[in-house]
Structures are given as structure tokens and as C-alpha cells.
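Input: a single structure, listed below in C-alpha cells.
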Amino acid sequence: MKIRTITTSGLRSVPDRTFSLTGDAAVPFDVVVVTGPPSSGKTTFLDAIAAHKEVVSPYGAPPPARDLIRPGGTTAKISVEWWLDPAELDTAGLKGPSTSETVFKRQGLHGSDADPGLLAVLERYSHYTGIGKIDYFPDDRGLPLHGALVSDVVLDQRFQRLTRGPGKYASLVRFVRNMLLGTDDQSRLEPLKQLFHALCPWRTLASVNGVGMPVFHATNGLETPLDKLSGAEQQAFLFAATVVMVGLFDSVVLIDTLELRLAPGEAARVLAALKAYAPTNQWIVATTDPEIVASVPAPACIRLGDGRS
């Protein structure tokens, strides 16, 4: 699945208009960049997509919408036109793109409307790679190193995928440790190693130390546990382990501030590596990184705060 257009009204800092995420052939772009100066609505734009999904066809509890509504307003509206692949169209019983709509209310229950077939596709959640999903890497993401004890990781992640905060990443260490120890399905171990190395070429995921922490080898042979990696290297682990654990293919992936904790010039390379690993995803990235902005064609770049209304 991918998004073709997004129409907004009454959202905080975001102008009332229709944003096209498609090219000349009406096929959605694989990478869409959302950019603009501080407080121009970049994060709100991504938050609204995530909140819309959770109101229309939730994985978990719909998030509070009061921060999405423009000051002085009582409602905000977002409509999303979805492009579905042939298998998804078959599941939905549709013949082409379909639209879902949400009205966020400052008080009372939010309103929503969508074709039941579209909802049947949007509500599906599985870590099977053949099921497209919506996922969100917010700007307050982090890597808890204490791990998480949950009996059903898939159910736990379903409720957390579109939430904020680092808690949704607490299962990653356990997921990787168990694969390295051979106590869980190892079919995703090699893809994980390959993706992490693509994101962080100077380190390789190698083993587990005596306290259960994943260990990495540097190009010079030195070993470093996960908790001693740099912030940028831990971000690489967070992205790689999440994409592999959740099975993010044929999905819409929202990323806020991809350049978080990365050195100048690294964000564009990281995005290219993610796209190369999962080319069927649609990556919607909010950023001010000039190299990322320059990496997409002009129609694939949404510029907020440009004075248009």
C-alpha cells in the first residue's frame, strides 16, 4: 500500500490543501520528503497520518487529537487516498484507489468514514512480510536497553506501532538476542545483519555477551556491546531491528527527523540503504537535511511554511 494524496483542514501549522504524493503516472512516490522551517508543521503532518490511521482502522488506541487541531478551532479533518497493490485490491474487493476520512474533535468522539474493503486492508497486522502495514519512527524514538518481557510480541507491537516514545522499541534487544542464541526463528538473522551493516558499514552484528547484550565487531576487530555504541550506531540498530522484526515491506513508513543523532551527510545514505532493503515501501520523511531534500524530485517534496494556504 501507498498514499496517493492527503487533504488537510484545520490542522495545527499545516495549511488547508491537498498534497499530492504521486508522479506523472499517478503512481505514488517511493520516497516523499516533508520539509520546512521550524514550527512549519512537519511533525504534525506525520502525527496526523498516524492518528488518522488509528481512528479509521486502529492497531491500538487512537491518540489524543487536541494537539493536532489548530488553536481556536474545534475540529480538524484529514482525507487520505490510498493506492493498493493487486493483492490488496483483491482483499478489499476494490478496483482502484480508495479514500478514508477522519474528523478530529477537541471534545467528543472523532468521526471517520471509509470503504469496508479498505478498512479490511488497513486493519491487518502481522509480522509476516507479505502484509503491508503503517509504521512510525517519531522524533522522540530511543533504544531502551533493559529489554521487554511480553508474552506476545506481535500483539504488543500492534498496539504500539503508531505511538510515540521509546517504549515501542523495548522488544528489539530481546528479539535480536534470541535469534543470536538460536532460541527463536533465525530466518531473519541474516537479513538483520545485512541491513544493520548497510546502515552502519563499519560495524557487524556478531554475537551476545555474558549479560545477554548484542555485540558488534568493528572493521579493526574490536568488540563493542550494544549499550556502548554511539547514538548514531544505536539508531542504525533501532531501524534495522524494527524493519526486520515487524516485517516492513509493502508498507507506508513515516520517519520524523531521520538525521536524529547522525553526522552531517549520513542521513541521505541511511535513507538510501533503507529504501534499497525494502524498495516496495513508501518512505515519508520529515526532515531539514539538505541532501535528503535534494535526493527526491521536486514533486516528491512537500514544502511547509512556504506561505501557501
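The values are calculated or read from the model by the stated rules, or taken from the named source; none is laboratory data. Quantities reported herein were computed from a predicted structural model and do not represent experimental measurements. With ideal geometry, Cβ positions are generated from the backbone for all residues, glycine too; neighbour counts draw on all protein chains shown. These area figures cover heavy atoms from the full protein model, side chains too; ligands, DNA and RNA do not enter into them. Shrake-Rupley method; radii C 1.70, N 1.55, O 1.52, S 1.80 Å.
Tabulated data
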{"read-out": "Length-normalised contact order of the chain in % [C-alpha pairs under 8 Å, at least 6 apart]", "value": "25"}
{"read-out": "Gain on full stretching of the segment that runs from Val154 to Ala206 - 0.36 nm per residue minus C-alpha separation", "value": "16.2 nm"}
{"read-out": "Solvent exposure ordering (accessible area, 1.4 Å, most first) of Glu223, Glu266", "value": "Glu223, Glu266"}
{"read-out": "For the chain, size of Cβ-based charge dipole, Lys and Arg +1, Asp and Glu -1, in debye", "value": "540"}
{"read-out": "Cα-centre dipole for the range 1-114 with unit charges at Cβ (Lys and Arg positive, Asp and Glu negative), debye to 20", "value": "540"}
{"read-out": "Carbon + sulfur, % of accessible area of the chain - ligands and nucleic acids excluded, 1.4 Å", "value": "54"}
{"read-out": "Segments 167-178, 203-214 sorted - mean Cβ within 10 Å per residue, highest first", "value": "167-178, 203-214"}
{"read-out": "When the range 222-272 is reduced to its Cα atoms, the Kirkwood hydrodynamic radius in Å", "value": "12.3"}
{"read-out": "Over the chain: helical MRE at 222 nm, DSSP H runs n ≥ 4 each giving -39500 (n - 2.57), nearest 500", "value": "-8500 deg cm²/dmol"}
{"read-out": "Estimated vicinal HN-Hα couplings, Hz - the range 12-22 in sequence order (Karplus 6.51, -1.76, 1.60; Gly, Pro = x)", "value": "4, 6, 9, x, 7, 5, 9, 9, 8, 10, 10"}
{"read-out": "Inter-part distance where the range 112-132 and the range 188-202 are each reduced to a Cα centre, Å", "value": "29"}
{"read-out": "Distance (nanometres) between label positions extended 7 Å along Cα→Cβ at Ala25 and Thr288", "value": "3.6"}
{"read-out": "Contact order relative to length of the range 72-171, as percent, for alpha carbon pairs under 8 angstrom and 6 or more apart", "value": "20"}
{"read-out": "0 to 90° range, to nearest 10: angle between helix 231-246 axis and the chain longest Cα axis", "value": "70"}
{"read-out": "In degrees, nearest ten, helix 42-56 long axis to first principal axis of the chain (Cα)", "value": "80"}
{"read-out": "Degrees, to the nearest 10: 266-277 long Cα axis against longest axis of the chain", "value": "90"}
{"read-out": "Number of Lys pairs (Cα under 15 Å; 8 or more positions apart or on different chains) in the chain", "value": "6"}
{"read-out": "Per residue value of the accessible surface for the range 77-206 (all protein chains in place, 1.4 Å probe), Å²", "value": "47"}
{"read-out": "Rule-of-thumb Rg ratio for the chain [Cα; 2.2 N^0.38 Å; N residues]", "value": "1.00"}
{"read-out": "Residue among Tyr169, His197, Asn209 farthest towards the positive dipole end of the chain, charges placed on Cβ", "value": "Tyr169"}
